[in-house]
Amino acid sequence: MSTAPYGVRLLVGAAATALEETIRLPQTILTYPMTLASQLAQLVMKMQQDLAELVNKGDETLEQWFPPKDEQPEWATFDEDLLEPAAAEPAGAVAEPSDGARLTEGRFALYSTGAADAPKSATNGSAAKGAGSQTPAIVADLDYAELTLAQLRARLPQLKVDDLEALLAYENNTKSRAPFQTLLANRITRATAK
């Protein structure tokens, strides 16, 4: 077999490739829109990444030249700011609304004071006066007045039924917070069912 000159081999190879691509053209035409769209999306994302890197590098450079000031905006309040004035109040004090409105609304209301609870407080009034002088020992042991709902839930498994009933009676006679009452009542029901 004789070898043809380089130019002839090049032309024959180009013609064969053109013929193969022409045969594949109907199938390739169908995939071109998706191929072009994905390549365009890839190009746009690459440009966005490059821009983000440049912006980050610019931020780092500006921070080196002009260090940020640790100023707190006047509209920002943080928990630490709120704790300082509260330190002057006695421990265990609960803020009560002056107009009788509830402190929070909705399903998870923690304080149920106000006009809607007037009948309940009237019926529990005599019991509250009697129980006010005798605080159950478990209340002091747990520091119950300072517990959040989550903290109380974590301590429930280690309490006896008598302690749970004492806590529920104390809650009914003092703050009457519905979530606390429900949690204690449910735990008493589960503990006595065992």
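The values are calculated or read from the model by the stated rules, or taken from the named source; none is laboratory data. These figures come from a predicted structure and were not determined experimentally. Here the Cβ is made from the backbone with ideal geometry for all residues, glycine too, and neighbour counts use every protein chain on show.
Here are the numbers:
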| item | result |
| --- | --- |
| Residue list for the range 1-25, filter: in a loop (DSSP other than H, G, I, E, B), of a type in the set (G, A, S) and surrounded by fewer than 10 Cβ atoms within 10 Å (Cβ to Cβ) | S2 |
| Selection from the range 28-56 of residues that are within 34 Å of the chain's Cα centre (by Cα) and within 30 Å of A18 (Cα to Cα) | A41, Q42 |
| Entirely in the range 114-177, the helices (runs of 4 or more DSSP H) that have 1 or more residues that are under 18 Å from I188 (Cβ atoms), at pLDDT below 90 and touching a helix residue (DSSP H, G or I) at 6+ places or on another chain (Cβ under 7 Å) | 118-133, 137-142, 149-155 |
| Tally of residues being more than 29 Å from the chain's Cα centre (by Cα) and not aromatic (F, W, Y) across the range 141-194 | 22 |
